[in-house]
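The values are calculated or read from the model by the stated rules, or taken from the named source; none is laboratory data. As the structure is a prediction and not an experimental result, all values here were calculated from the model. Quick reminder, even Gly has a Cβ in these numbers, built from the backbone with ideal geometry, and neighbours come from all protein chains shown.
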Amino acid sequence: SEGRHVRRTAYHFQPAKNWQNDPNGPMYYNGMYHFFYQYNPHGALWDIGNLSWGHSVSGDLVNWAALDTAIDPTAPFDINGCWSGSATILRGGTPAILYTGIDANKEQVQNLAFPKNPADPLLREWHKPSYNPVIPLPADVPGDKFRDPSTAWLGRDGLWRIAVSAEVSGVASTLVYRSADFVHWERNDAPLHSSRAAGMVECPDLFPVKAHGEEGGLDTSASGAGVSHVLKLSVMDTLQDYYMVGRYDDAADAFVPAEPERGDDVRNWRRFDYGHVYAAKSFFDARRNRRVLWAWANESDSQADDVARGWSGVQTVPRKLWLDKDGKQLRQWPIEEIETLRRKRVGLRRNTMLSAGAMNEIVGIAEAQADVEVAFRIPSLEEAEALDSNWLLDPQKLCGEKGASVPGGVGPFGLIVMASGDLQEHTAVFFRVFRHDDKYKVLMCTDLTRSSARAGVYKPPYGGFVDIDIEERKTIKLRTLVDHSVVESYGAEGRACITARVYPEHVETSNSHMFVFNNGTDKVKVTKLEAWELAAATVNVGDEGLIVS
Ligand code: FRU
């Protein structure tokens, strides 16, 4: 068999080859999960005119079988590319896809597609009615700034709504369109959101969550008592996703933010992930009654590397998503099906104390495919370093200045993964606790500056503040998924996530090492540590991936 590339992930979603970007139209239909994605069938780079919808199906969101592309640029309304969009399960139970086409005039329009045969359990073929586009380019929107229709939701008036990104008379806007029949769409005068501050936004997602900290998900059309909404937007300027929790009013089609003090500049909203992901999209998983989020993690090496490998881009593991009790912040956790890949397990003795400078190796598993869960107990916050208010605005910079190798008071402590035997290469995922105005602030970082000896790779420190009261809880948990070129971390039970792409050189010739460490003067206790080697999932290779249940 063909050798797998040393960077190729073993359980993150990838097509067998070529370029992928945004997650498109994820859905659960008729006992099967469908995942579509922006795909260039002709090569390993994004190519403006050559985007199709790749299509895979799964019984468990972990193992995937690749099908033929579902939507290709073949008609006047999409001949120059089939860009991002979403799936909706219609009232009769059949799915529909809305997507952006780049038409014969190179203008962005919104198109509709249906399964050719809704009884086909795999929904292999999709039909694009000739009456497309269903939403032509509006007169006040430039031809290159009108895209990414969301999953539709029903208002109490029985009309469908979708959100679409557009620049309207120079203002970045999230428009709402309404329809009675899913074919004829009318624009609401007021946008759901608009701002002059950040430039064009993309890939809007508006979805309901349970308002009181319960983990169960809601159908996209859910509304009423006990329901909050989340508006997520992707900002081209920073290539980052941001969200705001709020109240959605289906009479006015307006969104009232729960944190108005963050303003309309989306770049000041909250982040799903402080690392390298973009264009996230969620869906309601009716089988397991949860909301699941997908996001694209691009490569961080060069285009020449992409071409040499023959592929580019992965998806994060699907994440369960819910609203924290605080009503403002989302929590995320890898879907539990990932745990079916857990094989050999190793641990550390319970209550291992890590003194200043401690580095305990976690031995016994192949580290390139691993799942580590660790709980740190902080006996004393006495030595916490003082934090200047200026730093609150730039946690990423703080992670750079106060890296894993810079000794602190409480922390840095955490994991070192993908380390070469001589530690010249390593990736550090860690926490550091600061004192600020009689309160404590917890910083979470993934520091890539030493992740690879190679030049020409993007190796920033990533980071954000974790919204917990460490004084009261005294414990902070970390879960890190390692998958060859991905280090995906969940801090404080999913309150802060950092996804990073790593390209260590040593893996060409030797194994990686993993450590738990403390580089603060205050002791830290590892109350529990479990690490599993993960089996490779079947992702778009052969046809064993297909689990029909
Ligand atoms: C986001 C995006 C979308 C667009 C797609 C094209 O990454 O730019 O706005 O529909 O990618 O591939």
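W185 satisfies every condition listed in (1) more than 15 Å from Y248 (Cβ to Cβ); (2) under 29 Å from the mean Cα position of the chain (by Cα); (3) more than 16 Å from the ligand (Cβ to nearest atom) except (2). Taking (1) away from the ligand (no atom under 16 Å from the Cβ); (2) surrounded by 16 or more Cβ atoms within 10 Å (Cβ to Cβ) in turn, D140 satisfies each apart from (2). For the stretch 509-543, the set of residues classified as crowded, with 18+ Cβ neighbours inside 10 Å, among the charged types (D, E, K, R) and in a loop (DSSP other than H, G, I, E, B) consists of D522, K523, listed by residue number.
Just one of the listed residues (A96, A44) is hydrophobic (A, V, I, L, M, F, W, C) and part of a loop (DSSP other than H, G, I, E, B), and it is A44. Could you run through the stretch 80-91 and say how many residues are within 11 Å of the ligand (Cβ to nearest atom), touching a Ser or Thr at 6+ places or on another chain (Cβ under 7 Å) and not hydroxyl-bearing (S, T, Y)? Count: 3.
Within the stretch 222-243, restricting attention to residues that are more than 16 Å from the chain's Cα centre (by Cα) and surrounded by fewer than 20 Cβ atoms within 10 Å (Cβ to Cβ), the residue that is nearest to the ligand (Cβ to nearest atom) is D237. All conditions in (1) outside any strand (DSSP E or B); (2) of a type outside the set (G, A, S); (3) modelled with pLDDT of 95 or more hold for H276, with the sole exception of (3). Hey, can you tell me all the residues within the stretch 37-79 that are away from the ligand (no atom under 12 Å from the Cβ), among the hydroxyl-bearing types (S, T, Y) and under 17 Å from N24 (Cα atoms)? Answer for the stretch 37-79, where residues must be away from the ligand (no atom under 12 Å from the Cβ), among the hydroxyl-bearing types (S, T, Y) and under 17 Å from N24 (Cα atoms): S56, S58, T69.
Inspect all residues belonging to the stretch 141-152 and state whether any of them is in contact with a helix residue (DSSP H, G or I) (Cβ under 7 Å, 6 or more places away or on another chain) and outside any loop (DSSP other than H, G, I, E, B).
no
Within the stretch 100-140, being more than 18 Å from A70 (Cα to Cα) and in contact (Cβ under 8 Å) with a residue 40 or more places away in the chain holds for Y131, V134, I135, P138.
Could we say that A366 is outside any strand (DSSP E or B), modelled with pLDDT under 95 and either under 17 Å from C497 (Cα atoms) or aliphatic (A, V, I, L, M) (or both) here?
Numbers: outside any strand (DSSP E or B): yes; modelled with pLDDT under 95: yes; either under 17 Å from C497 (Cα atoms) or aliphatic (A, V, I, L, M) (or both): yes.
Yes.
Taken over the stretch 125-141, residues that are closer than 30 Å to V171 by Cβ and of a type in the set (S, T, N, Q) amount to 1.
Confirm whether V524 is more than 20 Å from D371 (Cβ to Cβ), at pLDDT below 95 and outside the structural domain of S302 (by TED's automatic domain parsing).
no
Looking at A254, is it in contact (Cβ under 8 Å) with a residue 12 or more places away in the chain and surrounded by fewer than 19 Cβ atoms within 10 Å (Cβ to Cβ)? So A254 passes the test.
The strands (runs of 3 or more DSSP E) falling completely within the stretch 449-500 that include 3 or more residues that are in contact with a Pro (Cβ under 8 Å, 6 or more places away or on another chain) and within 18 Å of F376 (Cβ to Cβ) map to 461-466.
Out of everything in the stretch 309-334 that is in a strand (DSSP E or B) and among the hydrophobic types (A, V, I, L, M, F, W, C), what residue ends up being nearest to F36 (Cα to Cα)?
Within the stretch 309-334, the first condition is being in a strand (DSSP E or B), and the residues that meet it are 311-312, 314-315, 319-323, 330-334.
Keeping just the survivors that are among the hydrophobic types (A, V, I, L, M, F, W, C) gives 311, 314, 321-323, 330, 333.
Working: W311: 17, V314: 13, L321: 20, W322: 23, L323: 26, L330: 24, W333: 22 Å.
Of everything passing the filter in the stretch 309-334, V314 is nearest to F36 (Cα to Cα).
Look at D306 and say whether it is within 16 Å of the ligand (Cβ to nearest atom), part of a helix (DSSP H, G or I) and within 24 Å of the chain's Cα centre (by Cα). It is true that D306 is within 16 Å of the ligand (Cβ to nearest atom), part of a helix (DSSP H, G or I) and within 24 Å of the chain's Cα centre (by Cα). Here H34 clears all of (1) away from the ligand (no atom under 16 Å from the Cβ); (2) in a strand (DSSP E or B); (3) more than 19 Å from the chain's Cα centre (by Cα) except the condition numbered (3).
I'm told I338 meets every condition in (1) surrounded by fewer than 19 Cβ atoms within 10 Å (Cβ to Cβ); (2) in a helix (DSSP H, G or I) except one. Can you identify the failing condition by its number? The single condition I338 does not satisfy is (1). Filtered by the rule that a residue be farther than 30 Å from Y458 by Cα and of a type in the set (S, T, Y), the stretch 223-282 gives S223, S228, Y248. Close Cβ contacts (under 9 Å, 6 or more residues apart or on different chains) running from residues in the stretch 75-99 that are over 15 Å from S150 (Cβ atoms) and touching a residue at least 40 places away in the same chain (Cβ under 8 Å) to residues that are away from the ligand (no atom under 11 Å from the Cβ) and of a type in the set (D, E) comprise A75/D103; F77/D103; D78/D72; D78/D103. Once the stretch 341-362 is narrowed to residues that are over 17 Å from K528 (Cα atoms) and not in a strand (DSSP E or B), the residue that is nearest to the chain's Cα centre (by Cα) is L341.
The single condition among (1) modelled with pLDDT of 95 or more; (2) closer than 15 Å to W322 by Cα; (3) more than 16 Å from the ligand (Cβ to nearest atom) that S282 does not meet is (3).
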